[in-house]
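**Q** Can you read through this structure? Questions will come right after.
The values are calculated or read from the model by the stated rules, or taken from the named source; none is laboratory data. A quick note: this is a predicted structure, and the numbers were derived from the prediction, not measured. In this analysis, Cβ positions are derived from the backbone assuming ideal geometry, glycine residues included, and neighbour counts consider all displayed protein chains. Please note that ligands, DNA and RNA were not included when accessible areas were found on the heavy atoms of the full protein model with its side chains. Shrake-Rupley method; radii C 1.70, N 1.55, O 1.52, S 1.80 Å.
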Amino acid sequence: VNFIIKEPDSILHMLELLDNCSTTLQAEIWSMFNAILRKSTRNLQACTEVHLIEKILQKLPNTDDMIADLLVDLLGVLASYSITVKELKILFGMLKGDK
């Protein structure tokens, strides 16, 4: 079955919805979403249009370890398609850590 994201804004609605889901359900959804993205450059483009990398980077510090691992995998998929200078700066800032 092919899953094509027709409305990129629906990705943002998914993010809001996931904030109210259990960790297990979030893990299932992120795993499925990751698989969907790997199979379609159109879906990757939809994620780029809504700046999903930036949104995920903002979520990352406050997530459960299991979800964080899935989000890091997703960041790899998204960044291999397209990443902006702004998103790279945020990522490198997070890697730097606190003193």
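**Q** Could you look through the range 23-35, keep only residues that are of a type in the set (Gly, Ala, Ser) and modelled with pLDDT of 95 or more, and pick out the one that is farthest from LEU75 (Cα to Cα)?
**A** Looking at the filtered set, the residue picked out is ALA27.
**Q** Taking ILE29 as the residue in question, decide whether it is on the phi < 0 side of the Ramachandran plot, free of Cβ contacts under 8 Å to residues at least 40 places away in the same chain and not in a helix (DSSP H, G or I).
**A** no
**Q** Condition first: open to solvent by less than 70 Å² (accessible area, probe 1.4 Å), modelled with pLDDT under 95, under 24 Å from LEU25 (Cβ atoms) and not in a helix (DSSP H, G or I). Now tell me which residues in the range 36-94 satisfy that.
**A** Passing the criteria: SER40, THR63.
**Q** If you don't mind, another one. I'd like the residue in the range 15-63 that is β-branched (Val, Ile, Thr) and under 16 Å from SER82 (Cβ atoms) and, out of all such residues, is farthest from the chain's Cα centre (by Cα).
**A** Among those residues, the one meeting the criterion is THR41.
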